[in-house]
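The block underneath contains the structure these notes are about, expressed in structure tokens.
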Amino acid sequence: MQKNTREIAIAAGTVLLGTLALRYFTRNHQPLETVPTVDLNKYMGKWYEIAAFPLIFERGCHCTTAEYSLDPAGFVKVVNSCNRNNPKGKKKVAEAKAFPVAGSNNSKLKVQFQWPFTGDYWIIGLDADYSYAVVGTPDRQNLWILSRSPFMAPTLYQNLVTLAQQKGFDTDHLRVTDQSCFG
């Protein structure tokens, strides 16, 4: 009986800490507004990461891309890749599945790199011709600026950084991605 009580106390403590962390990371933010709609067929293809908030699993990466394709089973196949700064120069590849969130007109996706865990992928900026996209998470802890080409005009880049700032992202954390291998 005492073991069950301890397990319940640990579970309750974990839920409480999770709730407090969620409140901490989302405090003082309006709900994150996404683009009104995304045509998934137009969104498919290769995107180059122009800038992003650094992620631990991307440490040492450059020439980072994401490739999306519609799977016949009804999800979006995601293949992220980058070149690594290591002696062998190995390429790192991570595959995932993405699922549109019902009622979001495809502007919100749940991405799953490992079952059963999913992450938010919200498209908050998108050019009419799908030449660039700005993607973030509602807690404002992740942000990506993507382009169909490996390089972006400085004025466009600054406009997208300003958009992210207006949506509550701390863009001081934004790091430009080295895409020199596509030079």
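The values are calculated or read from the model by the stated rules, or taken from the named source; none is laboratory data. Please read all numbers here as calculations on a predicted model, not as lab measurements. Reconstructed Cβ throughout: ideal geometry from the backbone, glycine too, with neighbour counts over all protein chains shown.
Within region 96-112, does at least one residue satisfy the condition of being under 25 Å from Phe182 (Cα atoms) and assigned by TED's automatic domain parsing to the domain that holds Arg175?
yes
So, of the residues in region 112-140 that are of a type in the set (A, V, I, L, M, F, W, C) and modelled with pLDDT of 95 or more, which turns out to be farthest from Ala66 (Cα to Cα)?
Among residues in region 112-140 that are of a type in the set (A, V, I, L, M, F, W, C) and modelled with pLDDT of 95 or more, the one farthest from Ala66 (Cα to Cα) is Ala128.
Working only within region 99-117, note down all residues that are of a type outside the set (A, V, I, L, M) and touching a Leu at 6+ places or on another chain (Cβ under 9 Å).
Answer for region 99-117, where residues must be of a type outside the set (A, V, I, L, M) and touching a Leu at 6+ places or on another chain (Cβ under 9 Å): Phe99, Pro100, Asn106, Ser107.
Matching residues to (1) under 21 Å from His29 (Cα atoms); (2) surrounded by fewer than 13 Cβ atoms within 10 Å (Cβ to Cβ); (3) of a type outside the set (A, V, I, L, M):
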{"site": "Pro116", "(1), (2), (3)": "no, yes, yes"}
{"site": "Thr137", "(1), (2), (3)": "yes, no, yes"}
{"site": "Leu156", "(1), (2), (3)": "no, no, no"}
{"site": "Thr177", "(1), (2), (3)": "no, no, yes"}
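Here is a yes/no grid of residues against (1) over 26 Å from Lys167 (Cα atoms); (2) in contact with a Cys (Cβ under 9 Å, 6 or more places away or on another chain); (3) among the charged types (D, E, K, R):
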{"position": "Asp39", "(1), (2), (3)": "no, no, yes"}
{"position": "Ala51", "(1), (2), (3)": "no, no, no"}
{"position": "Ile56", "(1), (2), (3)": "no, no, no"}
{"position": "Asp71", "(1), (2), (3)": "yes, no, yes"}
{"position": "Asn83", "(1), (2), (3)": "yes, yes, no"}
{"position": "Ser107", "(1), (2), (3)": "no, no, no"}
{"position": "Ile123", "(1), (2), (3)": "no, no, no"}
{"position": "Thr137", "(1), (2), (3)": "no, no, no"}
{"position": "Gln141", "(1), (2), (3)": "no, no, no"}
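Scan (1) crowded, with 18+ Cβ neighbours inside 10 Å; (2) of a type outside the set (A, V, I, L, M); (3) in contact (Cβ under 8 Å) with a residue 40 or more places away in the chain for the single condition Tyr130 breaks and write down its number.
The failed condition is (1).
Name the residue that is surrounded by the fewest Cβ atoms within 10 Å (Cβ to Cβ), counting only residues in region 44-97 that are touching a residue at least 60 places away in the same chain (Cβ under 8 Å) and of a type in the set (D, E, K, R).
Ranking the qualifying residues of region 44-97, first place goes to Lys46.
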